[in-house]
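Heads up, the thing below is written out as structure tokens.
The values are calculated or read from the model by the stated rules, or taken from the named source; none is laboratory data. Note that the structure is predicted; figures quoted are calculated from it, not measured. Because the Cβ atoms are built from the backbone with ideal geometry, glycine has one as well, and the counts that use them run over all protein chains shown. In case anyone asks, the SASA skips ligands and DNA or RNA and just uses the protein heavy atoms, side chains included. Shrake-Rupley method; radii C 1.70, N 1.55, O 1.52, S 1.80 Å.
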Amino acid sequence: MTEADGLLLVNARLATMAAADGGYGIVEDGALALQGGRIAWVGRRADAPAAARALPVHDCGGLWITPGLVDCHTHVVHAGNRSDEWEARLNGASYEDIARAGGGIMATVRATRAASEDALLRQSALRIAALLAEGVTTLEIKSGYGLDLENEAKMLRAARRAGELLPVRVATTFLGAHALAPEYAGRADDYIDEVCARMLPALAREGLVDAVDAFCERIGFTHAQTARVFAAARGLGLPVKLHAEQLSDQGGAALVAEYGGLSADHLEWLSDAGIAAMARAGTVAVLLPGAYYFLRETRMPPIDALRAAGVPLAVATDCNPGTSPMTSLLLALNMACTLWRLTPLEALRGCTVNAARALGRADIGTLAPGQRADLAMWDIARPADLAYAIGANPCRAVVNGGVLRAPRVGLPPA
Ligand code: NIG
Ligand code: FE
């Protein structure tokens, strides 16, 4: 019998994140029955049904168990880094200056195009392993540094392979409309034609696209161009999300909400109209404090208004070489609380139940019967500790699809 066939975890404290009141869903002296890669039963050990008690027992030694963490916005697959630009910014240049001078996203496009799929996977696996060591069991990975069919496909294939070689669920997002491909300089509408008519259909046919994203911004694409990308996604039955209102208000959040979007991400310049549209559509607000911190932004996303409108809040790393070279989701939680006054409960919901929703997945992000058996075990005193500590990694074990492992994962052979 393997673990995937069944296991009863006992002597644990649970934060199920599944409580009807939106709280932690704490269960003291809890137990979890895992069977066939799913959670079969959750509750107090004393209440375990006979079928659960018949399973092989694993004693968790009093650790806390949460759903496996979900990092719902990353650009973790990319080549090279941009510490040179970071240094330039510290010497006075702005992110937008650098982008306009052909650096920024384009610098990573050049490095990513030059890398083989294997090299891309190797470089990215190091970053992914760091995320997994902190209890991440599901990871969204965007393309967007290839900007032509061949290189966007290479990025998405590398992302899919990461999900096969490492113990993590990968959700892929096509971000062809991230920046204007250099071959299309001065012809942004023609590039959007290429994205909609050729790249997206071909990548979707290959099964490489779980969702479609765009960068709606002065240095990205216009509202109208973004709408064309969304229409193409809708035509293929693919869900959409958006880099919206990061550096200016382009009405992107309302646009993605209009398309029933899964999430609008960044949102520092989000308007009241954008908030209302997101609330109506049930679009998740994905907050990315790493980019705000690293760009030394001062305008905060309108957290109070989002909260008041009942928009679900998620938190992610935005792991990318230009604006958030961060491979710690726990650090993102701390930043969301410290910089933006999220509560530790909101932060934890933001990387579990609400992050799952931002990926359109109802089968992860909570501890409840029928859910995928993706869990993280922590040496903490209470759930708030996950957002409280800076640089500590209290993760002691992880379960992926019912299989128990140590937090540190072996890397695929170089
Ligand atoms: O999420 N905003 C656009 N995309 C990324 C930055 C990408 C880059 O600078 O390489 C972001 O911040
Ligand atoms: Fe991003």
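Worth a mention:
- Put simply, the amide H of Cys351, placed in the peptide plane, has neighbours under 5 Å in Val315, leaving out anything fewer than 5 places away on its chain.
- Descending by average beta-carbon neighbour count within 10 Å, the peptides 255-261, 66-72, 81-87 line up as 66-72, 255-261, 81-87, the highest first.
- On the basis of the beta-carbon distance and an R0 of 30 Å, Ala309 and Arg218 show a calculated FRET efficiency of 0.70.
- Estimated distance in nm for a label pair at Asp189 and Leu165, the labels positioned 7 Å out from Cα along Cα-to-Cβ: 4.3 nm
- Relative contact order (percent, whole number), the stretch 202-242, Cα cutoff 8 Å, 6+ residue spacing: 50 percent
- Size of electric dipole in the stretch 197-243: Cβ of Lys, Arg +1 and of Asp, Glu -1, about Cα centre, debye, nearest 20: 160 debye
- Each peptide in 315-323, 174-182, 197-205 gets a packing score, the mean of other Cβ atoms within 10 Å over its residues, and the list from highest to lowest is 315-323, 174-182, 197-205.
- When a 1.4 Å probe is rolled over the protein heavy atoms, the share of accessible surface on the chain that falls to carbon and sulfur comes to 52 percent.
- For the chain, share of DSSP beta bridges that run antiparallel, in % to the nearest 5: 45 percent
- Under-5 Å amide H pairs with Ala79, H placed in peptide plane, nonlocal only: Thr112
- Note, ³J(HN,Hα) from phi for the stretch 136-153, Karplus 6.51, -1.76, 1.60, rounded to Hz, x at Gly and Pro: 6, 10, 9, 9, 8, 10, 9, 7, x, 10, x, 6, 9, 4, 4, 7, 5, 5
- Given charges at beta-carbon only (K, R positive; D, E negative), |dipole| of the chain in Debye: 640 debye
- Averaging the sequence gap over all C-alpha pairs within less than 8 Å and six or more residues apart, then dividing by the number of residues, gives the stretch 190-271 a relative contact order of 27 percent.
- Short-range pairs are left out: with C-alpha atoms under 8 Å and at least six residues apart, the relative contact order of the stretch 119-167 is 42 percent.
- Tensor-based shape of the stretch 148-280 (alpha-carbon gyration tensor, a/c under 1.5 rounded, otherwise prolate or oblate): oblate
- Solvent exposure, largest accessible area first (probe 1.4 Å, DNA, RNA and ligands not counted), of Arg296, Arg89, Arg157: Arg296, Arg157, Arg89
- Working note: Cα atoms of the chain, range along each principal axis, descending, whole Å: 68, 47, 45.
- Protection proxy ranking, highest mean first, for peptides 331-344, 277-290: 277-290, 331-344, where packing is the per-residue count of other beta-carbon atoms within 10 Å, averaged.
- Computed with the Debye formula from one identical point scatterer per Cα of the stretch 225-329, without solvent, the log10 of I(q)/I(0) at q = 0.13 Å⁻¹ comes to -0.44.
- Distant-in-sequence amide contacts of Ala18, defined by a placed amide H-H separation under 5 Å and a gap of 5 or more residues or a different chain, comprise Leu367.
- Between Ala171, Gly144, Ala185, the Cα set farthest toward the positive side of the dipole of the stretch 137-260 (charges on each charged residue's Cβ, about the Cα centre) is that of Ala171.
- With θ taken as phi - 60° and the Karplus curve 6.51 cos²θ - 1.76 cosθ + 1.60 applied, the whole-hertz 3J(HN,Hα) list for the stretch 382-392 is 7, x, 4, 4, 5, 9, 6, 6, 10, x, 8 Hz, x standing for glycine and proline.
- Taken about its Cα centre, the stretch 53-108 carries a charge dipole of roughly 220 debye when the Cβ of each Lys and Arg holds +1 and the Cβ of each Asp and Glu holds -1.
- Efficiency of FRET from Cβ geometry, Ala19 and Ala406, R₀ 30 Å, rounded to 0.05: 0.55
- Hz values of 3J(HN,Hα) by residue in the stretch 259-272 - Karplus curve (6.51, -1.76, 1.60), Gly and Pro given as x: 8, x, x, 5, 7, 10, 10, 5, 6, 4, 9, 4, 8, 4
- Estimated FRET transfer efficiency (Ala362, Met300; beta-carbon r; R0 45 Å; 0.05): 0.90
- Across the options Ala276, Leu255, Ala291, the greatest Cα extent toward the positive end of the charge dipole of the stretch 213-313 (unit charges at beta carbon of Lys, Arg, Asp, Glu) belongs to Leu255.
- Residues Val353, Val10 ordered from highest to lowest accessible area at a 1.4 Å probe: Val353, Val10.
- Taken as Cα centroids, the stretch 28-64 and the stretch 128-180 sit 33 Å apart, rounded to the nearest whole angstrom.
- With all pairs of separate Cα atoms included, the stretch 305-404 yields a Kirkwood hydrodynamic radius of 14.5 Å.
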